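Have a look at the structure below before the remarks.
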Amino acid sequence: MSINWFKLNRAAHRDIGYFCIGMTIIFAVSGIAVNHIDDFNPNYAVSYEQIELPGLSQYHEDKIQEVVLAALPFEFELRTVFWQSPEQLKLFGQNDINITADLTAETLSVERIEQRLILSTFNALHLNELKGPWTYFSDLYAIMLLFLASSALFMVKGKKGVWSKRGLFVVAGIVMPVIFVLV
């Protein structure tokens with residue numbers, strides 16, 4: 001009994017391709033997010049709120065922290081505090097809320113930090129922050145992608161295959177990244 005390598009290649013390409021779909025989506029979404037890290041933080045959503053606190057500058061620095069905490073319209077569990085400058089007191093909360101009390105402007109700047117669960121998880125996987133067994137699994141995924149890329153070259157036979165003008169797409173896929181590196 002002879003082995004039909006063409007059929008075997010197609011079946012392996014198909015089955016490995018289905019297995020890789022989920023991982024490819026995760027890596028693609030994370031890759032787009034990481035590419036645009038200068039435009040937005042893919043791991044955390046940060047929002048800001050300004051609260052006016054007239055008369056804040058009148059208080060002695062020993063009393064400012066107490067006045068700020070009393071003026072907050074929400075529950076705030078203080079973790080630590082320090083003076084950023086003689087005019088700015090920074091309060092860090094347990095619940096990912098940071099407050100900057102500006103004595104000159106008599107305002108409180110409230111910064112709320114919320115983790116983007118899906119994107120931060122995808123990024124942790126993509127950037128291999130998990131290490132250990134995940135490293136070997138993502139290596140296996142890379143090997144499967146290499147197989148998918150190389151086996152695709154043999155999916156279509158003859159003049160419609162990779163040795164035809166369609167092979168120019170393969171060449172373009174290699175040349176384009178090189179151009180970006182050189183330019």
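The values are calculated or read from the model by the stated rules, or taken from the named source; none is laboratory data. Quantities reported herein were computed from a predicted structural model and do not represent experimental measurements. All Cβ positions, glycine included, derive from the backbone under ideal geometry; neighbour counts span all protein chains shown. Surface areas here come from the heavy atoms of the whole protein model, side chains and all, with no ligands, DNA or RNA. Shrake-Rupley method; radii C 1.70, N 1.55, O 1.52, S 1.80 Å.
Looking at (1) 91, 39, 24; (2) 40, 32, 27; (3) 44, 36, 36, which value of Cα extents along the principal axes in Å comes from a calculation on the structure shown?
(1)
If you place +1 on the Cβ of every Lys and Arg and -1 on the Cβ of every Asp and Glu, how big does the dipole about the Cα centre of the chain come out, in debye to the nearest 20?
The dipole magnitude comes to about 2480 debye.
Separation between the residue 77 and residue 28 pseudo-spin-labels, each 7 Å from Cα along Cα→Cβ, expressed in nm?
That separation, rounded to one decimal, is 4.1 nm.
Quick one: with all protein chains in place, what share of the accessible area of the chain is carbon or sulfur, to the nearest percent (1.4 Å probe)?
Roughly 63 percent of what the probe reaches on the chain is carbon or sulfur.
How far apart, in nm, are the 7 Å Cα→Cβ label points at residue 136 and residue 6?
Computed distance between label sites residue 136 and residue 6 equals 3.9 nm.
How long are the semi-axes of the ellipsoid equivalent to the stretch 1-109, from square roots of 5 times the Cα gyration tensor eigenvalues, in whole Å, largest first?
Semi-axes, largest first: 58, 13, 10 Å.
Separation of the stretch 152-174 and the stretch 40-61 by C-alpha centroid, Å?
58
Amide H neighbours of residue 44 under 5 Å, at least 5 residues apart or on other chains, H built in the peptide plane: list them.
Excluding prolines and chain starts, which carry no amide H, the hits are 116.
How big is the C-alpha Rg of the stretch 93-137 next to the rule-of-thumb value 2.2 N^0.38 Å, as a ratio?
Relative to the 2.2 N^0.38 Å estimate, the stretch 93-137 comes out at 1.90.
At 222 nm, what helix-only mean residue ellipticity would the chain give, in deg cm²/dmol to the nearest 500, using -39500 (n - 2.57) for each DSSP H run of four or more?
Taking each H run of at least 4 residues, the total per residue is -16000 deg cm²/dmol.
Please work out the average accessible area per residue across the stretch 1-113, using the 1.4 Å probe convention, and give it in Å².
On a per-residue basis, 66 Å².
Run through the stretch 41-142 and list the GluC sites (Glu not before Pro) located in a DSSP loop whose Cβ has at most 13 other Cβ atoms within 10 Å.
75, 77, 87, 129
If you keep only loop residues by DSSP, which chymotrypsin sites (Phe, Trp or Tyr not before Pro) in the stretch 140-179 have at most 16 other Cβ atoms within 10 Å of their Cβ?
Passing sites in the stretch 140-179 are 154, 163.
Jot down the per residue volume, in cubic angstrom and as a whole number, of the convex hull over the alpha-carbon atoms of the stretch 58-113.
For the stretch 58-113, the hull spanned by Cα atoms encloses 78 Å³ per residue.
Based on DSSP H assignment, which helices of the chain show an axial Cα extent of at least 18 Å together with a mean Kyte-Doolittle hydropathy greater than or equal to -1.0?
Within the chain the helices that satisfy the rule are 5-35, 133-152, 167-182.
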